[in-house]
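The block underneath contains the structure these notes are about, expressed in C-alpha cells.
The values are calculated or read from the model by the stated rules, or taken from the named source; none is laboratory data. Model, not experiment: these values are computed from the prediction. Virtual Cβ from ideal backbone geometry, glycine too; neighbours counted across all protein chains shown. For the accessible areas, the whole protein counts, side chains as well, though only heavy atoms, and no ligand, DNA or RNA atoms are used. Shrake-Rupley method; radii C 1.70, N 1.55, O 1.52, S 1.80 Å.
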Amino acid sequence: MAKKVQNAVPLSELVPGSKARVLTLSAEGMVRRRLLDLGVVPQTIIECVRRSPIGDPTAYRIRGTTIGLRKDDAKQIMVEPIVE
C-alpha cells in the first residue's frame with residue numbers, strides 16, 4: 001500500500017518514475033480548461049514518465065494517457081508526492 005507524504009510541491013518538481021496526487025490547480029483561462037479536459041483534477045494520480053533531453057516539456061501519465069506539459073504549466077499544478 002502506498003504511503004503519502006504530507007508536503008505539496010509543484011508538478012514540475014517530480015522526477016521521472018515518481019507519482020503524485022493532484023491537490024490544487026492554480027492555472028486560469030484556457031490553460032486551466034485544457035488541464036481540466038485532460039483529467040488534471042484534484043485526487044488524480046499523475047506519474048512523471050520522462051523529460052525531454054533539454055528538460056522541457058515533460059511527459060506525464062494521467063488516467064492511462066501520456067501527455068506532455070511545459071514546465072510553466074506544470075508549475076501551476078500542486079501535488080502531493082506518493083512514496084511507494
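On the given criteria, is residue 73 at pLDDT below 95 and assigned to a loop (DSSP other than H, G, I, E, B)? Before you say what the answer is, go through the steps one by one.
Details: at pLDDT below 95: yes; assigned to a loop (DSSP other than H, G, I, E, B): no.
No; evaluated as a whole, the condition is false for this residue.
Mind checking which residues of segment 10-19 are open to solvent by 50 Å² or more (accessible area, probe 1.4 Å) and either touching a residue at least 60 places away in the same chain (Cβ under 8 Å) or of a type in the set (A, V, I, L, M) (or both)?
15, 19
Hey, residue 6 hits all of (1) modelled with pLDDT of 90 or more; (2) assigned to a loop (DSSP other than H, G, I, E, B) but one; which does it fall short on?
Here residue 6 meets the rest and fails (1).
Look through 49, 31, 22, 40 and report the one residue that is of a type in the set (A, V, I, L, M), surrounded by 14 or more Cβ atoms within 10 Å (Cβ to Cβ) and assigned to a loop (DSSP other than H, G, I, E, B). Quick ask: steps written out before the conclusion?
Details: 49 fails: assigned to a loop (DSSP other than H, G, I, E, B); 31 fails: assigned to a loop (DSSP other than H, G, I, E, B); 22 fails: assigned to a loop (DSSP other than H, G, I, E, B).
That would be 40, the only listed residue that is of a type in the set (A, V, I, L, M), surrounded by 14 or more Cβ atoms within 10 Å (Cβ to Cβ) and assigned to a loop (DSSP other than H, G, I, E, B).
Taking the stated definitions as given, is residue 58 farther than 13 Å from residue 22 by Cβ, surrounded by fewer than 15 Cβ atoms within 10 Å (Cβ to Cβ), β-branched (Val, Ile, Thr) and free of Cβ contacts under 8 Å to residues at least 60 places away in the same chain?
Judged against the criteria, residue 58 is not a match.
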